[in-house]
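Remarks on the structure that follows.
The values are calculated or read from the model by the stated rules, or taken from the named source; none is laboratory data. Bear in mind the structure is a predicted one, so any value in this text is a computation, not a measurement. We place every Cβ from the backbone using ideal geometry, glycine too, and count neighbours over all the protein chains shown.
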């Protein structure tokens, strides 16, 4: 397995150490030392994974997550010196896929980058033309679009992945931990709140005609039920 990776960190020693560890595993790696340089290299180098420090000059890691929010072909692993759960939730809400707190073990980082690269690759393997229809809702897996009454909804990549998972397993109850693992692809202690936030946003975007589509199973998690739509 080999793919392109950008390592962006204004601490050059850290960027070089991470890049070297990944290059030893056979990956093609570019480095960047500020947010603007990282964003430019995303367009020219076209990485599958971006290892991104949160605190950088010119553009922060959060700023870059916002700008790449609609990109489903790039996985983002955030690096932060803060051990604050709020910062981690903010990063995930902005589209990051995983995070690590400095200082970190390079072997663990390499393992997480490999896993993230596999998940990004798998996202592009949805069956062509697969469409789910529930009432006036139309979800197109290949095109990654959702519309209600003919009007396309502006879903973030994580919102789409969460909705697609629930709708392709209609009536199955998922725990918050299962949804976090399958959509975000990680074991995030204390992070189930981000699932609740995404469900709330999906319900709001789906509108009143589909407010019963995503149901809470109290004490357990969530399921999709289309019978009453």
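Annotations for the structure displayed:
- Residues that are surrounded by fewer than 16 Cβ atoms within 10 Å (Cβ to Cβ) and either modelled with pLDDT of 80 or more or assigned by TED's automatic domain parsing to the domain that holds residue 95 (or both), drawn from the stretch 179-197: 181, 182, 193, 196, 197
- Residue within the stretch 107-119 that is in a helix (DSSP H, G or I) and farther than 23 Å from residue 65 by Cβ present: yes
- Close Cβ contacts (under 9 Å, 6 or more residues apart or on different chains) running from residues in the stretch 210-225 that are in the same structural domain as residue 163 (by TED's automatic domain parsing) and without any contact (Cβ under 8 Å) to a residue 40 or more places away in the chain to residues that are crowded, with 19+ Cβ neighbours inside 10 Å and assigned to a strand (DSSP E or B) comprise 215/222; 215/224; 216/222.
To keep it simple, each residue is scored yes or no on (1) in contact with a helix residue (DSSP H, G or I) (Cβ under 6 Å, 6 or more places away or on another chain); (2) free of Cβ contacts under 8 Å to residues at least 60 places away in the same chain.
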position: 14; (1), (2): no, no
position: 29; (1), (2): yes, yes
position: 35; (1), (2): yes, yes
position: 47; (1), (2): no, yes
position: 61; (1), (2): no, yes
position: 64; (1), (2): yes, yes
position: 69; (1), (2): no, no
position: 93; (1), (2): no, no
position: 96; (1), (2): yes, yes
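- Restricting the stretch 2-26 to residues that are within 21 Å of the chain's Cα centre (by Cα) and assigned to a loop (DSSP other than H, G, I, E, B), the residue that is modelled with the highest pLDDT is 9.
- In the stretch 198-229, the qualifying residues are those that are assigned to a helix (DSSP H, G or I) and surrounded by fewer than 14 Cβ atoms within 10 Å (Cβ to Cβ), and the one that is modelled with the lowest pLDDT is 209.
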